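Peer 1: Got a structure here, written out as C-alpha cells. Questions coming.
The values are calculated or read from the model by the stated rules, or taken from the named source; none is laboratory data. All figures in this text were calculated on a predicted structure; none of them were measured in a lab. So basically every Cβ, Gly included, is an ideal-geometry build from the backbone, and we count neighbours across all protein chains shown. Protein only, heavy atoms only, side chains kept; ligands, DNA and RNA dropped before computing areas. Shrake-Rupley method; radii C 1.70, N 1.55, O 1.52, S 1.80 Å.
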Amino acid sequence: MRLQNGQPNALAHRRAALSAEGATILDLTLSNPTRAGFDYPTAAILEALAHPAVITYLPEAAGPRSAREAVGALHGVEPEAVILSASTSEAYGWLFKLLTEPGDELLVPSPSYPLFDHLAALEGLKARPVPSFLTDRWHLDLGALEAAVTARTRAVIVVSPNNPTGACLEGSEWAALCDICARRNLALILDEVFSDYLLEPGPEALPTALAGGSPPCETYVLSGLSKVALLPQLKVGWTLLLGPNLAARREALELIADQYLSVSAPAALALPALLALAPALQAQALDRLKANLTELDRRLKDHPHLSRLPVEGGWSVLLRLPAIEEDEAIALRLLDAGVAVHPGHFFDLPSRGYLVLSLLTPPGTWREGLARALPLLGS
Ligand SMILES: Cc1ncc(COP(=O)(O)O)c(C=O)c1O
C-alpha cells in the first residue's frame, strides 16, 4: 500500500485518552465550518438539492452544463474550461493521473497543506517541498524552486491564500512562476479554495490569478464548495483549465473524470443556487475570522514575548513564540490544560517557534482557549 497508516501521533493519542476520560477540550483547530456555529439557510439548501431533474441520470463527465456555467460565471471563465469533481482532493488525484507517471515529482512551496504528501503518494508520486522564506511576508523561493526541477518534475502546486500561512501570491510571483513552468514544461496547479477570505492582504497580493489573463503554461486552478459555500459535505469541487492546449487537455481530463462520474446529480444541479447562497455564508465566516484576529491581538498585548504573523487570507493564524521548546511538547502541555492547537511542524514549519490556530473557532471557545493557553506559552 502506498499510504502508510502509521501510529496515531502523540497528540492524537493524548487527545483520545483525555476524551475517553471525559475531559472537555477547547478546540482551537476546528476547520469544519458546519461545526462552527454559523447560521446556514437550511430550507434554501434543501430546496436547492431537491431539483426535479435529479430523477434522470445524465452521465456528463465534466458535470452538468448549468453547474459549469454557474462556476464559470463565478470565476469569469467559459463553462468549457470547468470540470467538476467530488472535491478538490479528488481533482488533485485526477490531475496527477493526467500529468504524471509513477515515480514523477511535484514541487510544493512549503509550508503548505499537508494532504499533498498523501495524495501524491497514492499516485506513486513524490511531493518535494521547497521552503518559502519569511521576511515581512512569506516569499516563494523562486531560485530554489527552479533549481529543484529534475527530469522527473511534472508540476508545481501553489496554494493562495496559503494554508496555513495565509500568504497570497503577489503579481510578480505569479508571473515568475508562470515563466518557470512555461520554460521548464511544467504544469502549474493553483489552489484558490480560500480566495474569498482575504483578511490583511498586502498591497501587491493577487486575490485570484484568474484576473491576470491567460498564463503561458498549462494551468489548473482549483476550488470547491467546501470553502466557497462552507459546505464540505456536499462534495463538489472544480478545476478551471487555463493556458495553452486547452481543448486537448480538457478532453484528456474529461476522459479521466468519465471513469468515475463522481459528482452526484443533487449536488451538481444545486450548484447555481448554492453559489447564490455563498456570499451570505462567506460574510458570516469573514466576520468570525476578523473578530477572532482582533481578540487575539487584544490578548497578545499582555504577552509581549508572543506575536502573530499577518494573515493575508484563509482560516488560520500562525502564533509565534520563543523557539526554546519543541512545538509538540508545547501542544501536549496545552492539551493537558484542555486546549487543542496544531504544532507548526504539522505544516512543515520549523519544529520550534510556531503554533497554528484556526480562526474559524467559535468566539466563546476562542476567548476561553486563548485565556488558558497564552499564559502557558513560556516567556
Ligand atoms: C488548501 C486546501 N485545498 C483543498 C482542500 C480540500 O478541499 P475539498 O474539501 O474540496 O477536498 C483544503 C481543505 O482544508 C485545503 O485547505
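Peer 1: Provide the FRET efficiency to the nearest 0.05 for the Leu255-Gln233 pair, computing r from the beta carbons and using R0 = 22 Å.
Peer 2: That gives a FRET efficiency of 0.20.
Peer 1: Roll a 1.4 Å probe over the protein heavy atoms and report the accessible area of Lys97 in Å², nearest 10.
Peer 2: Estimated to the nearest 10 Å², Lys97 gives 80 Å².
Peer 1: Using 0.36 nm per residue, how much length does the chain from Ala211 to Thr150 gain when fully extended, once their Cα-Cα distance is taken away?
Peer 2: That pair, Ala211 and Thr150, stretches by 18.9 nm at full extension.
Peer 1: Rounded to the nearest 0.05, what FRET efficiency do Thr24 and Ala329 have when you use their Cβ-Cβ distance and R0 = 25 Å?
Peer 2: Once rounded, the FRET efficiency stands at 0.65.
Peer 1: What percent does the relative contact order of segment 54-276 come to when contacts are Cα pairs within less than 8 Å and at least six residues apart?
Peer 2: This gives 27 percent for segment 54-276.
Peer 1: Would you kindly state how much longer the chain becomes between Ala337 and Ala12 on full extension, computed as 0.36 nm times their sequence separation minus their alpha carbon distance, in nm to one decimal?
Peer 2: 115.5 nm
Peer 1: So which of Lys227/Lys301; Lys97/Lys235; Lys235/Lys290 end up more than 29 Å apart, counting from Cα to Cα?
Peer 2: Lys227/Lys301
Peer 1: Computing the accessible area with a 1.4 Å probe over protein heavy atoms, can you report the carbon and sulfur percentage for the chain?
Peer 2: 55 percent
Peer 1: Also, I was wondering about something else. Cα extents of segment 1-144 along the three principal axes, largest first, in whole Å?
Peer 2: In descending order, the Cα extents are 49, 48, 42 Å.
Peer 1: Determine one quarter of the surface area of the Cα convex hull of segment 238-298, which equals its mean projected area, and express it in nm² to one decimal.
Peer 2: That works out to 7.0 nm².
Peer 1: Tally Lys and Arg at +1 and Asp and Glu at -1 over the other residues with C-beta under 15 Å from the C-beta of Tyr197: what net charge comes out?
Peer 2: -3
Peer 1: Continuing with the same structure: Nearest 0.05, what FRET efficiency do Leu46 and His118 give at R0 = 22 Å with Cβ-Cβ as r?
Peer 2: Using R0 = 22 Å, I get an efficiency of 0.10.
Peer 1: Give the peptides 43-49, 26-32 in descending order of average Cβ contacts within 10 Å, highest first.
Peer 2: By packing density, highest mean first, the sequence is 26-32, 43-49.
Peer 1: Restricting things to alpha carbons, find the Rg to Rh ratio for the chain using the Kirkwood radius for Rh.
Peer 2: So for the chain, dividing Rg by the Kirkwood Rh gives 0.96.
Peer 1: Another question, if that's okay. With a 1.4 Å probe and all protein chains left in place, how much accessible area per residue does segment 54-276 have, in Å²?
Peer 2: 39 Å²
Peer 1: Assuming a ≥ b ≥ c are the square roots of the Cα gyration tensor eigenvalues, decide whether segment 78-233 counts as rounded (a/c under 1.5), prolate (otherwise, with a/b larger than b/c) or oblate.
Peer 2: rounded
Peer 1: Something else about it: Relative to the present Cα-Cα distance, how much length would full extension add between His139 and Lys301 at 0.36 nm per residue of separation?
Peer 2: In short, 55.6 nm is gained.
Peer 1: Net charge within 12 Å of Phe346 by Cβ-Cβ distance, Lys/Arg positive one each and Asp/Glu negative one each, not counting Phe346 itself?
Peer 2: Here the count lands on -4.
Peer 1: On alpha carbon coordinates alone, what is the Rg over Rh value for segment 18-71, Rh being the Kirkwood radius?
Peer 2: 1.22
Peer 1: Here's a follow-up. Counting only other residues whose beta carbon sits under 11 Å from that of Gly237, what net charge do I get with K and R as +1, D and E as -1?
Peer 2: 0
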